[in-house]
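S.K.: Quick one: this structure, given as structure tokens, is what I'll be asking you about.
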Amino acid sequence: MSTGRPGPGGKAGPVSSPAAKPVAATLTASFAQALDALRAPYFPSSAPRIAVALSGGLDSMVLLGLAAAYAAARGQALFAFHVHHGLSPNAGAWRDHCAASAAVLGIGFDAREVVPEKGKSGIEASARTLRYAALGDMCRAHDADLLLTAHHLDDQAETILLQLLRGSGAAGLSGMDAANRAPTLLGDERLVMARPLLAQARADLEAFAREQGIAWVEDESNTDTRYVRNALRHDVMPVLAAAFPGFQQRIVRSSVHVRSAQRLLDELAAQDLAACLEGDGLDLVQLRALSRDRVNNLLRHWFSVRRLAMPSTALLAQIVGQLLTARDDTQPLVAHPECDVRRHRDRLYLVPKLPDLAGLRDPDDAGVIEKHAQAFRWNGEGSIAFPDYGGVLHFDAAQHGFDATWLRAQRLEIDFRKGGEKLKPAPNRPTRSLKHLFQASGIPAWERTRLPVVGNGPDLLFAAGLGMDCRHLGDGPDRIALRWEAAGAGV
């Protein structure tokens, strides 16, 4: 395959003019400067093992050529990773082109095949998620700690315009970073993803490819304007270029200003979060003292710190409108796709989505069909798993507890609360309802419904989260203390 001629499953870009100005030296120097700048913040002690995300298209083939020269000059390891998404009948030919190109340069090559599915966000989003996950997997497999992608100036301008059209805030309008860690995408805290061509126009990349004799392939789907980015690239960007030559650089310049403003917002949010955070929750007294803009900024930052999807403007309005203003005696909840936002004792919490449990019932819902407790006997086991109740009941040897012989003789039952249960936690304390004891212990309402109780029919012996009823307890040898461990609590 040669430059300017069709590649497998596609075509090369237009042949440049013989009078085109050489760009190889400039692009090579700029690339080296971009990679060298990563050493201090990300790799201060040793040179990274570099990997190139290689699709076979113009941008990534230029990236491969620049990275190969850079790594060879510095004696650094370099790999090329390709993801076969199977969406095109030419995908196999693109993989073969990438493998052959890497072989010519003496670069280690690996590929993964993924199968995107059309979900709520569309097949493009599915392919992107799977692609980055596969790239992260290959980085780990080959001990590469720096992944290079071929995003360039035109990509950056397109991204910012798309974010603007979607109504994004400052974070979205900041565009792509030159480098960052992306554990959500790549599945690894250690990996760094860098975009060393972000300041280069696509026209310069094409000129470089022509000068260097680099062959590339074209994905035929890139011309399908049913995809939003393609519609912007082919129908909108040319019109903007005709009316405002060089508009890409000015859009990107504006994004630099927005990114600076976002950094200030992040600094303010971090200060506000430190002032409002009490344990795992936000102090609503402190939160209510902030302006609405600062509250929204703080909440977005909190979700980001917890690595949760950014809440929409509508969801933020729900959180502020419902959770910050609800009466003290209510248990308001706002559902986020990845968690539940709840309030307890003037604190705001982000609570993980909890799985359904077969034994769960609402003790306050009279319409729930009665479910029977699960009967069991203890035969000396150290623990018994109860998946219907979401955890494991442990039987620990103790100086203070139930007599083991007596406990073996009991017909035990495990269940969730029905309502009205009472427990006497100590000889010098009165018998109280579980509801009262949970409130006194500060256990949130959403946790109480998932804490089982254990009895022997007439008596309640143990309540998870509270402890054992003292009326059957004693001191001495061969004593057993009950302990509940929710599934996943030890992770």
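The values are calculated or read from the model by the stated rules, or taken from the named source; none is laboratory data. Keep in mind it's a predicted model, so treat the numbers as computed, not measured. Cβ placement follows ideal geometry from the backbone for every residue including glycine, while neighbour counts extend to all protein chains displayed. All accessible areas refer to the heavy atoms of the entire protein, side chains included, with ligands and DNA or RNA removed. Shrake-Rupley method; radii C 1.70, N 1.55, O 1.52, S 1.80 Å.
S.K.: Pairs please, first residue from segment 264-291 and under 17 Å from Arg343 (Cβ atoms), second anywhere and of a type in the set (S, T, N, Q) and part of a helix (DSSP H, G or I), Cβ atoms under 8 Å, 6+ apart in sequence or on different chains.
M.R.: Cys276/Gln286
S.K.: Scanning segment 380-400 for residues that are closer than 14 Å to Asp415 by Cβ and hydrophobic (A, V, I, L, M, F, W, C), which turns out nearest to the chain's Cα centre (by Cα)?
M.R.: Phe386
S.K.: Okay, moving on. Counting only residues that are open to solvent by 80 Å² or more (accessible area, probe 1.4 Å) and among the charged types (D, E, K, R), how many does segment 212-253 have?
M.R.: Final tally of qualifying residues: 4.
S.K.: Among what's in segment 60-99 and is hydrophobic (A, V, I, L, M, F, W, C) and surrounded by fewer than 14 Cβ atoms within 10 Å (Cβ to Cβ), pick the residue that is nearest to Ser126 (Cα to Cα). I'd like the intermediate steps shown before the answer.
M.R.: Narrowing segment 60-99 to residues hydrophobic (A, V, I, L, M, F, W, C): 61-64, 66-69, 71-73, 77-81, 83, 87, 91, 93-94, 98-99.
Right, trim to surrounded by fewer than 14 Cβ atoms within 10 Å (Cβ to Cβ) and you get 72-73.
Working: Ala72: 35, Ala73: 38 Å.
Checking each candidate, the answer is Ala72.
S.K.: Sticking with this structure for a sec: All but one of (1) within 14 Å of Tyr349 (Cβ to Cβ); (2) open to solvent by less than 60 Å² (accessible area, probe 1.4 Å); (3) within 23 Å of the chain's Cα centre (by Cα); (4) not basic (Lys, Arg) hold for Leu277; which doesn't?
M.R.: Every listed condition holds for Leu277 apart from (2).
S.K.: Also, quick follow-up: Of all residues in segment 113-130, which are free of Cβ contacts under 8 Å to residues at least 60 places away in the same chain and open to solvent by 70 Å² or more (accessible area, probe 1.4 Å)?
M.R.: Glu113, Val115, Glu117, Lys118, Lys120, Ser121, Arg128, Thr129
S.K.: List the number of the failed condition for Leu298; all other conditions in (1) in contact with a His (Cβ under 9 Å, 6 or more places away or on another chain); (2) buried (at least 17 other Cβ atoms within 10 Å of the Cβ); (3) free of Cβ contacts under 8 Å to residues at least 40 places away in the same chain hold.
M.R.: For Leu298, the exception is condition (1).
S.K.: Right, Phe395: under 17 Å from Ala486 (Cα atoms), in contact (Cβ under 8 Å) with a residue 60 or more places away in the chain and open to solvent by less than 40 Å² (accessible area, probe 1.4 Å) or not?
M.R.: In short, yes.
S.K.: How many of the residues making up segment 120-179 are under 26 Å from Ala37 (Cα atoms), part of a loop (DSSP other than H, G, I, E, B) and out of contact with any His (no Cβ under 9 Å at 6 or more places or on another chain)?
M.R.: Adding up the residues that qualify gives 12.
S.K.: Taking the conditions exactly as written (touching a residue at least 12 places away in the same chain (Cβ under 8 Å) and acidic (Asp, Glu)), does Asp36 satisfy them or not?
M.R.: No; evaluated as a whole, the condition is false for this residue.
S.K.: Only residues that are part of a strand (DSSP E or B) and at pLDDT below 95: list them for segment 262-280, please.
M.R.: Residue satisfying the conditions is Glu278 alone.
S.K.: Would a scan of segment 323-346 turn up a residue that is assigned to a helix (DSSP H, G or I) and modelled with pLDDT under 90?
M.R.: Scanning segment 323-346, I find at least one residue that is assigned to a helix (DSSP H, G or I) and modelled with pLDDT under 90, so the answer is yes.
S.K.: So which residues in segment 420-435 are in a loop (DSSP other than H, G, I, E, B) and either hydrophobic (A, V, I, L, M, F, W, C) or in contact with a Gly (Cβ under 8 Å, 6 or more places away or on another chain) (or both)?
M.R.: Filtering segment 420-435 for residues in a loop (DSSP other than H, G, I, E, B) gives 420-421, 424-431.
Hits for segment 420-435 are Pro425, Ala426.
S.K.: Condition first: in contact (Cβ under 8 Å) with a residue 12 or more places away in the chain, assigned to a loop (DSSP other than H, G, I, E, B) and open to solvent by less than 20 Å² (accessible area, probe 1.4 Å). Can you find one or more residues in segment 309-320 that meet it?
M.R.: Yes.
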